Amino acid sequence: MADVYGWDDGGEKAMRAVVYDTYGSPDVLRVADVPLPIPDAGQVRVRIAATSVNLSDWEGLRGSPLYARIGGLRSPRVRTLGSDIAGSVDAVGNGVTRFRPGDEVYGDNLRLMGGFAEYALAPESVLAHKPPSLTFAEASTIPQAGAIALQGTSGISEGARVLVNGGGGGSGSFAIQQAKRLGGHVTAVDNAGKLEHMLSLGADEVIDYNHDDFTRVGSYDLILDLIAQRSVFAYRRALVRGGRYRMVGGPVPVLLGVVALGWIVGGLSDRRIGLLVVREGPAHFEPLGELCVAGDIRIPIDRTFELAEVPDALAHVGEGRALGKVVVEVR
Ligand SMILES: NC(=O)c1ccc[n+]([C@@H]2O[C@H](COP(=O)([O-])OP(=O)(O)OC[C@H]3O[C@@H](n4cnc5c(N)ncnc54)[C@H](OP(=O)(O)O)[C@@H]3O)[C@@H](O)[C@H]2O)c1
């Protein structure tokens, strides 16, 4: 039995959550009253203040690309989406040592999700103490996108030519700034409506992907691809000798091509082409939080929505209108 503080009987109480039972468009989402979850051993219950939207939420809603169905081939493996949470600890399970009720926390709850609700359970290990100077909304933007941006830009040296494909979205907006901090010359690619946004984040050059194919107009030391659409041969063409391509997201056929052929196509031409498997957890996003606190990296929040507007928030990201991050404020 979980050791719960603050409630007599959590199972009797209800909360509001945005739920879905089948993959589909935002129309399949609805607000429902569901039982208040009780933390198991090692888990924390967070009273959600804000949850940011990631493309992975949209992919989990649609069940596409296919990797979004891992653990739930025919129907979703979770009823409530939302992984990048920020809020206050409300109850803790047995064995939790780092948090107490009342602590302000943030983290990427990718396994359990559940952030588009009034409360969510999360393993203690995915959470960090929220820096006091960040709002909950700001903190919620950092865990997943920040970890991707930090790992995706690691190793950049002064003057390196860096390309960020999908630079106007959540991870890209952090990655552009971090690549500039490290001394890179940054080319950022996205749709025409996001070019000004990417320039405002420090990009040196921008490309509209509907107008130009970046694999044909330049060569780079590092390509960070948040939304891969091309073949490994195109990526090889766009890299200088010794250059590196990192795929973060994209359709399964492209992913399989990168995994199966990237090492050999790259290796034979003195380039490295591969998948970036992003390491999760506080150690991987807190450094970005510190950069935001110090004012070295700007938190690019495009819009905030309320809990009942989660379908609109997901569509805003999934249909490509978001400039940077989108946040759902639960209270
Ligand atoms: N590898 C890992 O371990 C790992 C871990 C977590 C997440 N991910 C993945 O990371 C990816 C990025 O997430 P995110 O939250 O940063 O996404 P995001 O906020 O939606 O940003 C993606 C950006 O790419 C743009 N885009 C779409 N099609 C494009 C194209 N053909 N060329 C260039 N840009 C294009 C989008 O704009 P428009 O759609 O408006 O054009 C959007 O601005 C997701 O696919 C997610 O699954 C991977």
Among the listed residues Tyr235, Tyr209, identify the single one that is under 27 Å from Gly266 (Cα atoms), hydroxyl-bearing (Ser, Thr, Tyr) and buried (at least 24 other Cβ atoms within 10 Å of the Cβ).
Tyr235
Quick check, is Gly172 within 15 Å of the ligand (Cβ to nearest atom) and touching a residue at least 60 places away in the same chain (Cβ under 8 Å)?
no
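Which one of Leu134, Leu81 is in contact with a Gly (Cβ under 9 Å, 6 or more places away or on another chain), under 19 Å from Thr304 (Cβ atoms) and surrounded by fewer than 20 Cβ atoms within 10 Å (Cβ to Cβ)? Walk me through how you get there before you give the answer.
Numbers: Leu81 fails: surrounded by fewer than 20 Cβ atoms within 10 Å (Cβ to Cβ).
When all the criteria are applied, what remains is Leu134.
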In region 127-152, which residue that is within 13 Å of the ligand (Cβ to nearest atom) and among the β-branched types (Val, Ile, Thr) is nearest to Glu290 (Cα to Cα)?
Ile142
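Out of contact with any Phe, Trp or Tyr (no Cβ under 8 Å at 6 or more places or on another chain), at pLDDT 95 or above and under 24 Å from Arg237 (Cβ atoms): is that true of Gly170 in this structure? Please lay out each step first, then the result.
Details: out of contact with any Phe, Trp or Tyr (no Cβ under 8 Å at 6 or more places or on another chain): yes; at pLDDT 95 or above: yes; under 24 Å from Arg237 (Cβ atoms): no.
In short, no.
Hey, could you check region 93-126 for residues that are of a type in the set (A, V, I, L, M) and assigned to a loop (DSSP other than H, G, I, E, B) and say which is farthest from Arg77 (Cα to Cα)?
In this case the residue turns out to be Val96.
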Filter pass, Gly193 being surrounded by fewer than 24 Cβ atoms within 10 Å (Cβ to Cβ), within 13 Å of the ligand (Cβ to nearest atom) and more than 18 Å from the chain's Cα centre (by Cα):
yes
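The values are calculated or read from the model by the stated rules, or taken from the named source; none is laboratory data. Values in this document were obtained by computation on a predicted structure and should not be read as measured data. Please note: Cβ atoms are built from the backbone with ideal geometry, for glycine as well, and neighbour counts cover all protein chains shown.
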